[in-house]
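> Here it is, the structure in full.
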Amino acid sequence: MEERINGRRKIVLIVVLLCVYFMDLVYLELPEEEVVSLAVLYGDTNGDSWYNRKNWLTGDPCENEWWGVGCDDTNSTVLSLNLRINGMDGVVPMAIAGLRNLEEWTTPQNQLRGEATIEALSTLVRLKSLDLRDNVISGTLPSVVDRLSVLQYLNVGNNQLLGSLPSLTLPLLQDLTLDLNALSGSIGDITKLGGLQKVRVASNKFSGSLPANLWPALPDLVYLDLADNQMSSTIPSSLANITNLRFLDLSGNSFTGSTEVIFSCSTLLEVELSNNQFGGTIPCSIGNLAEMRSLSLANNAMYGALPSELGAVTRMKFLRLSNNGFSGSLPAALSSMRKLELFEAGENAFTSLPEDFFLLPELHTLRVPWCNLAGTLSENITSSLKYLDLGHNFIYGTLPDSIAALPSLMELWLGDNRIGGTLPVFQLPNINVVSLERNEMSGSPCEAMAGLVTSSKKLQHLGL
């Protein structure tokens, strides 16, 4: 099979070169070596099966506007190649080196393969942007990438790369994406890339600790995503000195120790620390992160009461604290989070929610099951609520009519509490789930739920 494919590609290449020869008989603005480079690329990546090959191998690539080829203002050289999602299949040939002035290579979501593809592209020393995301490139990330001394953007995410990171010194590189591969070893060498602003290396097999010299080595770092690797140890104190850091995702690793260093970064907007082994309490310094939008500490070993300073983070939209050892009453100051949309804090030891919490105007998800919540349910509750889960607690009193008539509610989980009184008449047009099992309510279920049968066509679970 492979011999037949190679034989076919040789035939295509011969035809391609003949086309280039006859092109030479007409006036061409573009240098012949660039035309040949494009033609050989077409032949070696199964160009006849590309989804879009408009005008390829016809006339001058610039004058005739070969699809995906971008040229300078005088049509005298190729500056960019954009063949994303185009059915390319094969190895980028070394002949691509003829595109001496190419600055942008964009071929994500194809079937480009082989370590040789990256080696060939590393001959394009004027490249500023190299995007190979979502291909099937295997092998290691070759050290020859270091030839690309003006490269600013490198994306080889979602391929099949193995091995460790090579020692690169690309002085102008700002954005590095290597996520969704099988790379391993330490990430320590990224500190040699002093201009980095964004690092995405999630979903690999990297191990070890965060480099102790993140600062001053990476002073301009804005975005750091190390999720779903095998990293461990505590967070180095140098992280607190990175004054531009906005996004930090360390989830799905085995980091330990306190989070205090992290919450000393007052510029953070999104922090994802779930599924680690962080301990200790949430430090009061979190109140200094006034612009934070999202925080997840779920599935760690943290404990203690939530600091009232958390309420000072008034721009918070998403707050996830589930499956830790947090305890006590939720501070009344949390009601100051007027932009909060989601609050998840189940499997802790919280004892109460502030009553005004139910009135947060943009809250659509409130999940605090499997805690020690006691008290009654508030009659006053935001109409924006879609998901309410307070199951497996110690809530008593009656079920307010306001909850039974929430217009947007899709899931209601209140099972395993001590709620009594008479079942209200439910009018929930968008409801999918109602779970009230193992409570102390009375009344006619048929009358209470009659409205659900007629008004909601989405009901999937009804438990009384």
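> Which pairs have Cβ atoms under 7 Å, sit 6 or more apart or on different chains, and link a residue in region 343-370 that is over 22 Å from ARG293 (Cβ atoms) to one that is among the aromatic types (Phe, Trp, Tyr) and open to solvent by 30 Å² or more (accessible area, probe 1.4 Å)?
Note: pairs meeting the criteria are GLU347/TRP370; PRO369/TRP413.
> Out of all the residues in region 222-244, which are out of contact with any strand residue (DSSP E or B) (no Cβ under 7 Å at 6 or more places or on another chain) and either in a loop (DSSP other than H, G, I, E, B) or buried (at least 22 other Cβ atoms within 10 Å of the Cβ) (or both)?
Across region 222-244, the qualifying residues are ASP228, PRO236, ILE242, THR243, ASN244.
> Filtering region 245-284 down to residues that are small (Gly, Ala, Ser) and under 22 Å from ASN348 (Cα atoms), which residue is most open to solvent (accessible area, probe 1.4 Å)?
Start the filter on region 245-284 by keeping residues that are small (Gly, Ala, Ser), which leaves 251-252, 254, 257-258, 264, 266, 274, 279-280.
If we keep only those that are under 22 Å from ASN348 (Cα atoms) as well, we get 251-252, 254, 257-258, 274, 279-280.
Details: SER251: 13, GLY252: 22, SER254: 45, GLY257: 31, SER258: 63, SER274: 13, GLY279: 17, GLY280: 20 Å².
Among them, the one singled out is SER258.
> For a quick check of your reading of the model, give me the residue pairs whose first member lies in region 228-249 and is on the phi > 0 side of the Ramachandran plot, whose second is surrounded by fewer than 17 Cβ atoms within 10 Å (Cβ to Cβ) and of a type outside the set (Asp, Glu), with beta-carbon atoms closer than 7 Å and at least 6 apart or on different chains.
These pairs meet every condition: SER233/SER209; SER233/THR256.
> When you look at GLU411, is it under 29 Å from the mean Cα position of the chain (by Cα), among the acidic types (Asp, Glu) and more than 23 Å from PRO307 (Cα to Cα), yes or no?
Values: under 29 Å from the mean Cα position of the chain (by Cα): yes; among the acidic types (Asp, Glu): yes; more than 23 Å from PRO307 (Cα to Cα): yes.
When the stated conditions are applied, GLU411 passes them.
> Give ALA374, ALA312 a once-over and let me know the one that is without any contact (Cβ under 8 Å) to a residue 24 or more places away in the chain, aliphatic (A, V, I, L, M) and either over 27 Å from GLY257 (Cβ atoms) or open to solvent by 40 Å² or more (accessible area, probe 1.4 Å) (or both). Walk me through how you get there before you give the answer.
On the way: ALA312 fails: without any contact (Cβ under 8 Å) to a residue 24 or more places away in the chain.
Answer to the check: ALA374.
> What's the number of the only condition in (1) under 23 Å from GLU29 (Cβ atoms); (2) aliphatic (A, V, I, L, M); (3) crowded, with 17+ Cβ neighbours inside 10 Å that MET88 fails to meet?
Here MET88 meets the rest and fails (1).
> Filter region 383-392 down to residues that are open to solvent by 10 Å² or more (accessible area, probe 1.4 Å), over 12 Å from LEU428 (Cα atoms) and in a loop (DSSP other than H, G, I, E, B), then give me how many there are.
2
> Which members of region 170-189 meet the condition of being out of contact with any Gly (no Cβ under 9 Å at 6 or more places or on another chain) and modelled with pLDDT under 95? Don't jump to the end; show me each part of the working.
Filtering region 170-189 for residues out of contact with any Gly (no Cβ under 9 Å at 6 or more places or on another chain) gives 175-176, 189.
ASP189 - this is the single residue of region 170-189 that is out of contact with any Gly (no Cβ under 9 Å at 6 or more places or on another chain) and modelled with pLDDT under 95.
> Return the residue satisfying two criteria in turn: it lies in region 393-428 and is part of a strand (DSSP E or B) and of a type in the set (Ser, Thr, Tyr), and of such residues it is surrounded by the fewest Cβ atoms within 10 Å (Cβ to Cβ).
Taking region 393-428 first, the residues part of a strand (DSSP E or B) are 394-395, 398, 411-413, 420, 422.
From the residues that got through so far, the ones that are of a type in the set (Ser, Thr, Tyr) too are 398, 422.
Numbers: THR398: 15, THR422: 13.
By that ranking, first place goes to THR422.
> OK, next. Give the residue that is most open to solvent (accessible area, probe 1.4 Å), with candidates limited to residues of region 429-446 that are part of a loop (DSSP other than H, G, I, E, B), of a type outside the set (Ser, Thr, Tyr) and out of contact with any strand residue (DSSP E or B) (no Cβ under 8 Å at 6 or more places or on another chain). If you could, list the steps in order and put the result at the bottom.
If we filter region 429-446 for residues that are part of a loop (DSSP other than H, G, I, E, B), which is where we start, we get 429-432, 436-441, 443-444.
If we keep only those that are of a type outside the set (Ser, Thr, Tyr) too, we end up with 429-432, 436-441, 443.
With out of contact with any strand residue (DSSP E or B) (no Cβ under 8 Å at 6 or more places or on another chain) added as a condition, the list becomes 429-430, 438.
Working: PRO429: 61, ASN430: 51, ARG438: 155 Å².
Of everything passing the filter in region 429-446, ARG438 is most open to solvent (accessible area, probe 1.4 Å).
> So which of PRO216, PRO211 ends up being farther than 16 Å from VAL156 by Cα and open to solvent by 50 Å² or more (accessible area, probe 1.4 Å)?
On the way: PRO211 fails: open to solvent by 50 Å² or more (accessible area, probe 1.4 Å).
Among PRO216, PRO211, only PRO216 is farther than 16 Å from VAL156 by Cα and open to solvent by 50 Å² or more (accessible area, probe 1.4 Å).
The values are calculated or read from the model by the stated rules, or taken from the named source; none is laboratory data. The shown structure was predicted, so the numbers you read here are calculated from the model rather than taken from an experiment. Ideal geometry is used to build each Cβ from the backbone, glycine not excepted, and the neighbour counts take in all protein chains shown. Only protein heavy atoms, including side chains, enter the accessible area calculation; ligands, DNA and RNA are left aside. Shrake-Rupley method; radii C 1.70, N 1.55, O 1.52, S 1.80 Å.
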